[in-house]
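Rule-based calculations on the coordinates, nothing more; no lab input. Computed from a predicted model, the values in this text were never measured in an experiment. Don't worry about glycine lacking a Cβ; one is built from the backbone with ideal geometry, like all the others, and counts go over all protein chains shown.
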Amino acid sequence: MTLLRIRKSWQLPESSVTPESVFWNRRRFLKAMGAATIGSAGLLYGKSLTAGSPMMDEIAALPRIEVERNAKYSTISQFTKESIAAKYNNFYEFSRDKDDVWEHAKAFKPRPWQIEVSGLVEKPRIYDIDDLIKRMPLEERVYRFRCVEAWAMVIPWIGFPVKALLDDVQPLSNAKFVKMTTFYDPEVAPRQNDGLFSSEPWPYTEGLTIAEAVHELSMFAVGIYGHDLPKQHGAPIRLVVPWKYGFKNIKSIVKIELVENQPPTFWNTIAPNEYGFESNVNPQVPHPRWSQAIERVLGTGSRQRTLLFNGYADLVGHLYQTG
Ligand code: MTE
């Protein structure tokens, strides 16, 4: 079995992370308490570990998800504190700032929610999100996350392989790319229509090659830190591709299309010279306006060297070998 190349330097200082033992003890505790009291237990957790806040109170009220952690993909034992990750978001539909996305997303309703999977497939389908979640093999994976803006974190996601969903609709042989689209509703996401930047091609779209999409690391996340995704992280379903820059990880998906040609994507359309379609994490390829050699570890003040493919080179390197 190939192991991920995680360096010792990745161990984050205590101040920024939730020790794994606390996380798992909490989950066992929640399970023992039963569903009726879970909300208040989550609240206690938020307050004791992160100094309670309206945002953490909202998160504590989200439904819990009990799944096994997949050890193969979870070689990092400490992850970024939830109170930090949930207040440092890029979700431009709601805000251009990071710390207030959760507030601007209040009117957004991630349920009921449907996802259309169509295009070059044998069996096009429209799924209700909760039916889809029941149908798919849910598990937890602790992945590194690297934004193109040179900050990094470690996140325990809950979700299922992209491949499991594609298998369900059976792509045709001429399908070469997977195009994904976020909801479009300027009434709840006013930035989609604020006219500030008329060049912004809403709704947000992203894409992968079929080989990338069916890769074992690619997942659709429906939960995080043991509960449903909060709105600011892309509820109710978002993409997670840990070897690529964060903007590829499209949030709040409503449509997945199998297509023959490389689809236009949000950032690649706005600035093709800055945000490529492939966008694999690579310390040697600088962004035109800054270096990618070093990354800032969220919540710690420390910096570390960026790893090729964000540390997943052993698993994904073969996808990009030429010649
Ligand atoms: N998806 C949508 N629909 N809209 C966005 O603005 N931002 C992207 C990505 N997915 C974005 C999106 C960027 S730039 C990043 S870094 C990640 O979401 C951030 O994910 P997080 O806020 O859950 O950490």
By residue number, the members of the stretch 75-91 that are more than 15 Å from the chain's Cα centre (by Cα), of a type outside the set (A, V, I, L, M, F, W, C) and either within 15 Å of Gly311 (Cβ to Cβ) or assigned to a loop (DSSP other than H, G, I, E, B) (or both) are Thr75, Ser77, Gln78, Lys81
Flagged in the stretch 241-255 as more than 9 Å from the ligand (Cβ to nearest atom) and either surrounded by fewer than 24 Cβ atoms within 10 Å (Cβ to Cβ) or more than 24 Å from Phe309 (Cβ to Cβ) (or both), in numbering order, are Val254, Lys255
Some residue of the stretch 168-184 being touching a residue at least 40 places away in the same chain (Cβ under 8 Å), crowded, with 24+ Cβ neighbours inside 10 Å and more than 12 Å from the ligand (Cβ to nearest atom): yes
Restricted to the stretch 129-147 and to residues being over 17 Å from the mean Cα position of the chain (by Cα) and acidic (Asp, Glu), the residue farthest from the ligand (Cβ to nearest atom) is Asp131
Expected single match for among the aromatic types (Phe, Trp, Tyr) and in contact with a Cys (Cβ under 8 Å, 6 or more places away or on another chain) among Tyr245, Tyr225, Tyr204 is Tyr245
Extreme residue, surrounded by the fewest Cβ atoms within 10 Å (Cβ to Cβ), among residues of the stretch 110-131 that are closer than 18 Å to Arg64 by Cα and in contact (Cβ under 8 Å) with a residue 60 or more places away in the chain: Arg111
Can you pull out every residue in the stretch 191-240 that is outside any loop (DSSP other than H, G, I, E, B) and either within 11 Å of the ligand (Cβ to nearest atom) or at positive phi (or both)? Arg191, Gln192, Thr205, Glu206, Ala221, Ile224, Lys231, Gln232, His233, Arg238, Leu239, Val240
Hits in the stretch 256-290 - residues which are more than 11 Å from the ligand (Cβ to nearest atom), part of a loop (DSSP other than H, G, I, E, B), touching a residue at least 60 places away in the same chain (Cβ under 8 Å) and not charged (D, E, K, R): Asn261, Gln262, Pro263, Pro264, Phe277, Val281
Name, by its number, the condition in (1) within 12 Å of the ligand (Cβ to nearest atom); (2) in contact with a Leu (Cβ under 8 Å, 6 or more places away or on another chain); (3) among the hydroxyl-bearing types (Ser, Thr, Tyr) that does not hold for Tyr73. (1)
Of the residues Ile155, Ile115, only one is within 16 Å of the ligand (Cβ to nearest atom), among the β-branched types (Val, Ile, Thr) and over 25 Å from Ala189 (Cα atoms); which? Ile155
With over 16 Å from the mean Cα position of the chain (by Cα) and in a helix (DSSP H, G or I) as the only criterion, which of Lys106, Lys123, Lys72 stands out? Lys72
